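Nothing in this text is a laboratory measurement; each read-out follows from the coordinates by a stated rule. These numbers were taken from a predicted model, which means no experiment stands behind them. Cβ: placed from backbone, ideal geometry, glycine included. Neighbour counts: every protein chain shown.
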Amino acid sequence: MIVANTAGAFAAKTAATTIPVVFATGSDPVRDGLVASLNRPGANFTGVIFITSELGTKRLELLRQLVPKATTVAMLVMPSGKETEVERADVAKAAQALGLQLVVADATSRPEIETAFATFAQRRADAALVGTGALTNSHSEAIVALAARHSIPTIYSLREYVSVGGLMSYGTSITDAYRQAGIYAGRILKGERPADLPVMQSSKFDLVLNLKTAKTLGLDVPDRLLALADEVLE
């Protein structure tokens, strides 16, 4: 059996293997061609969706509530396929609708991330949004540190960023998604077929705020945003 993220699942699909594959993805597996449908995956693939890229617009709206006077917003993108392409397009469309200037920087390595944040500071970005994907997640602590160094209020997709000092996050739990992927893996190893296991979707989305970071940035968190928060770190 193979348990994989989006990129790993694509690699297994390309190899035309018949080995059972359980994926955990933040993208749409039907659109991406991994499964025939969510209820009836078919073939040898099934998995879990922790919806992330499709929440880019919502993250931008929440960021705007915290930084209402923002006119220029930056977005860090680590290109990794359809998932990040869709997210980039959605955020760009939402920024235009809100009358915001969007500064987008692609990065595929630590040095490029540092260059991106230097560009954001040079362009006087009032706030920033960090795109989803395995690459950004693997550099979470460095990204949070750079946002702090340049004093840029930033929103992320996962709680893990906020737990290491990030300002705020909105999304589902990647930890729970991989736990469920493990459960599916166990069921398949006991004899069940991937084709008979519906792709599971995250149904709970959490807003997490770090008040200590907000204070450091000189931000007053609106009561309305506090009321919406599922978790507040102080």
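Quick notes on this one:
- Were the residues from Q65 through L38 laid out at 0.36 nm apart, the gain over their Cα-Cα distance would be 6.3 nm.
- Reachable aspartates and glutamates from K82, criterion Cα separation under 20 angstrom, eight or more residues apart if same chain: D28, D32, E54, D90, D106
- For segment 167-226, the spread of Cα positions along each principal axis, largest first, Å: 56, 19, 11
- Estimated FRET transfer efficiency when R0 is 22 angstrom, pair R187-A134 (beta carbons, to 0.05): 0.35
- The angle separating the long axis of helix 110-122 from the principal Cα axis of greatest extent in the chain is about 30 degrees.
- Radius of gyration and maximum dimension Dmax of segment 6-51, Cα, Å: 9.4, 27
- Estimated FRET transfer efficiency (E231, A16; beta-carbon r; R0 35 Å; 0.05): 0.20
- Taking each DSSP H run with n ≥ 4 as -39500 (n - 2.57) and averaging over every residue of the chain yields -12000 deg cm²/dmol at 222 nm.
- Local charge for E83 was computed over the other residues whose Cβ lies under 12 Å away, with Lys and Arg +1 and Asp and Glu -1, and equals -3.
- Global dimensions of segment 75-211 from alpha-carbon coordinates: Rg and Dmax equal 17.1, 57 Å.
- When the C-alpha to C-alpha distance is required to be over 28 Å, the pairs from K69/K93; K69/K204; K93/K204; K13/K190; K58/K212; K58/K190 that qualify are K69/K204; K58/K190.
- Residue-normalised convex hull volume from the C-alpha trace of the chain: 116 Å³ per residue.
- Computed 3J(HN,Hα) for segment 63-76, one whole-Hz value per residue from the Karplus formula 6.51 cos²θ - 1.76 cosθ + 1.60 where θ = phi - 60°, is 4, 5, 5, 7, 10, x, 8, 5, 10, 10, 10, 9, 9, 9, glycine and proline marked x.
- Residues in segment 1-34 reached by a label modelled at D196 [backbone nitrogen below 12 Å; 7 Å Cα→Cβ]: none
- Helix 82-97 vs. the chain, principal-axis angle (Cα, 0 to 90°, nearest 10): 30 degrees
- Figure legend: label point modelled 7 angstrom from the Cα of A7 along Cα→Cβ; residues of segment 70-98 with amide N under 15 Å from it are 77-85.
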